[in-house]
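Let me begin by presenting the structure, written as structure tokens, before commenting on it.
The values are calculated or read from the model by the stated rules, or taken from the named source; none is laboratory data. Just so it is clear, the model here is predicted, and its values are computed rather than measured. Reconstructed Cβ throughout: ideal geometry from the backbone, glycine too, with neighbour counts over all protein chains shown. Surface areas here come from the heavy atoms of the whole protein model, side chains and all, with no ligands, DNA or RNA. Shrake-Rupley method; radii C 1.70, N 1.55, O 1.52, S 1.80 Å.
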Amino acid sequence: MNNIFLSNESVIELLLRILNIGQGDISSSTYHVSSVVLSVSLVLFLGFLLTRITKLFKLPNVTAYILAGILIGPNVLNIIPKSFIENTDFLSDIALAFIAFSTGEFFKFDTLKKSGPKVIFITLFESLMSFVLVFVLCRFVFRIQSSFSLVLAALSSATAPASTMMTIKQTGAKGEYVNTLLEVVALDDVVALVLYSISISFCIAIESGNNHVTFAEVGLPIIYNMICLLIGFVCGFLLRFLITKKRTTDNRLIIAIAVLFLFCGICTLFGQSPLLGCMAIGAVYTNSKVADEKLFKQLNYFSPPIMLLFFVRSGMNFDFNSFKSGSEIGTLGIPLIVVAVAYFIIRIGGKYFGSFLGAAATKSNKKIRNFLGFGLIPQAGVAIGLASMGARTFIDAGYLELGTALTTIILPSSILYELIGPAMAKAGLYLSGSYSHNLDLVQPLTEALDNETAVDRLIKQIKMIEEEHRMDTSLNEDAEQAFTEAANEYENEFVVSRRQDFINRRR
């Protein structure tokens, strides 16, 4: 035990080594299994524990998860082994699969037929505006190399659908503004993936010393993504075929997860993101005759532990020493913390003014034009997932510094976006009139009668608020109800089976 407390081992590794000394040799397989299981347990427990603290400040859970990862990671408390971080990079693919499949729920063909061209136009404006502004900032103001600036700009175009959808459900908001917002949020992640695929390929080609980038180096990633999209459609039809109305709720969940994991494995094999294809799977299913919203709710109820592991692990990758030591990037030697803060501000401007100009060009109503940008600020799941995949690509290509810089810029800015994003999305919903708890804003939604007294009007407003509250409560209980019905269904099947066994034995 002479050097046991002087090593750079994590707390878990140190604990296992102490147990090893006290109880004799532990096999390498036992040591590895113990290390992984203890790490998963601590990540889940500490991630949950930190949400109890952030909840006091009304902050989203994503913020708690990322902060927990930073604290228990190798750069601060060093509780979790580096081997756990290195061997769980598949979590980003799985998390993206769940996020993308849930987003596919909003690609309903009958809705897109009515507002498709308008929504596509707004999406292109707000995505490309963010992309251009961030690229100009990084390349021409901070003098960062073009390749890395392109990757960072591509990530800026992504929006976090989870935060926006959560805010909509909590407020019970409805209307044209909400429908447009959901469609834009879903589509801009498609744009972000295409931009990211082109940018990361361009970056690797440039950094490897190729002064002339060929069409194959940039075009092949797009072709690969189109192939993944087609495979996603095939998996969507497979899901549609396997899930029939006779399937139990549990089996539907099992089949859905199996199909998503199958598709993720195929994408990982070819080094592609599962984002686009999983959206296609969700879109094919939601437009099928057997579609059931309970499946999406069950997956949303099943996914929190996976999302917690993903975000906490992302926090572990945060290089705290890069900020502490003043790490720099670009020919001007700009500190990474300055780049992160500037990225945070410029992206907000790009999202707001891009959606404003897109809505104005399509002659959308004033509320969509003025307030749509408020709902596009959150950025966590998709951006962090793509940043993790980008960092993995850089590291595999031998560019460790670029991979570290990418996650170091994206993670703290994502925390800031999650701090203000839900509040801004809620403000956009409120200002657009999509929901209201204010008595003065309820009356315009009703038909006022000429002989209506002030008391009558007050009673009508109170009833409307009570109705809105009941709707909000039912929305929050949908996921629990889906699983309750699944449990009851399983219990009934079990009772019938036991009863039949008893009858057979009596015979």
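Below are the figures for this structure:
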{"item": "All positions within segment 239-250 that are open to solvent by less than 70 Å² (accessible area, probe 1.4 Å) and either charged (D, E, K, R) or part of a helix (DSSP H, G or I) (or both)", "result": "239, 242, 249, 250"}
{"item": "Criterion (hydroxyl-bearing (Ser, Thr, Tyr), open to solvent by less than 30 Å² (accessible area, probe 1.4 Å), assigned to a helix (DSSP H, G or I) and at pLDDT 75 or above) met by exactly one of 273, 314", "result": "314"}
{"item": "Candidate set: segment 251-270, residues that are under 21 Å from the mean Cα position of the chain (by Cα) and surrounded by fewer than 20 Cβ atoms within 10 Å (Cβ to Cβ); chosen: the one nearest to residue 89 (Cα to Cα)", "result": "268"}
{"item": "Filter result for residue 141 (among the aliphatic types (A, V, I, L, M), more than 18 Å from the chain's Cα centre (by Cα), farther than 17 Å from residue 345 by Cβ and surrounded by fewer than 24 Cβ atoms within 10 Å (Cβ to Cβ))", "result": "no"}
{"item": "Options 231, 255; residue that is at pLDDT 90 or above, part of a helix (DSSP H, G or I) and either over 26 Å from residue 182 (Cα atoms) or in contact with a Pro (Cβ under 6 Å, 6 or more places away or on another chain) (or both)", "result": "255"}
{"item": "Yes/no for residue 180 being part of a helix (DSSP H, G or I), among the β-branched types (Val, Ile, Thr) and over 19 Å from residue 420 (Cα atoms)", "result": "yes"}
{"item": "Residue among 163, 146 that alone is in contact with a Gly (Cβ under 6 Å, 6 or more places away or on another chain), closer than 30 Å to residue 377 by Cα and at pLDDT below 90", "result": "163"}
{"item": "Test: residue in segment 345-357 that is at pLDDT below 90 and either open to solvent by 40 Å² or more (accessible area, probe 1.4 Å) or within 18 Å of the chain's Cα centre (by Cα) (or both)", "result": "no"}
{"item": "Complete set of residues in segment 137-165 that are among the polar types (S, T, N, Q) and closer than 24 Å to residue 95 by Cα", "result": "156, 157, 159, 163, 164"}
{"item": "Hits in segment 319-339 (condition: at pLDDT 75 or above and assigned to a loop (DSSP other than H, G, I, E, B))", "result": "333"}
{"item": "Hits in segment 227-238 - residues which are under 23 Å from the mean Cα position of the chain (by Cα), under 16 Å from residue 285 (Cα atoms) and surrounded by 14 or more Cβ atoms within 10 Å (Cβ to Cβ)", "result": "229, 231, 232, 233, 235, 236"}
{"item": "Residues located in segment 386-437, provided they are under 17 Å from residue 86 (Cα atoms), without any contact (Cβ under 8 Å) to a residue 40 or more places away in the chain and open to solvent by 30 Å² or more (accessible area, probe 1.4 Å)", "result": "395, 396, 398, 400, 401"}
{"item": "Leading residue by the ranking (nearest to the chain's Cα centre (by Cα)) among those in segment 52-85 that are of a type in the set (Gly, Ala, Ser) and open to solvent by less than 30 Å² (accessible area, probe 1.4 Å)", "result": "64"}
{"item": "Residue that is modelled with the highest pLDDT [pool: residues in segment 18-45 that are more than 24 Å from residue 65 (Cβ to Cβ), assigned to a helix (DSSP H, G or I) and open to solvent by 70 Å² or more (accessible area, probe 1.4 Å)]", "result": "33"}
{"item": "Odd one out for residue 374 among (1) open to solvent by 40 Å² or more (accessible area, probe 1.4 Å); (2) modelled with pLDDT under 90; (3) assigned to a helix (DSSP H, G or I)", "result": "(2)"}
{"item": "Qualifying position, being within 18 Å of the chain's Cα centre (by Cα), in a helix (DSSP H, G or I) and modelled with pLDDT of 90 or more, among 128, 155, 96", "result": "155"}
{"item": "Enumeration of residues in segment 292-307 that are open to solvent by less than 40 Å² (accessible area, probe 1.4 Å) and part of a loop (DSSP other than H, G, I, E, B)", "result": "303"}
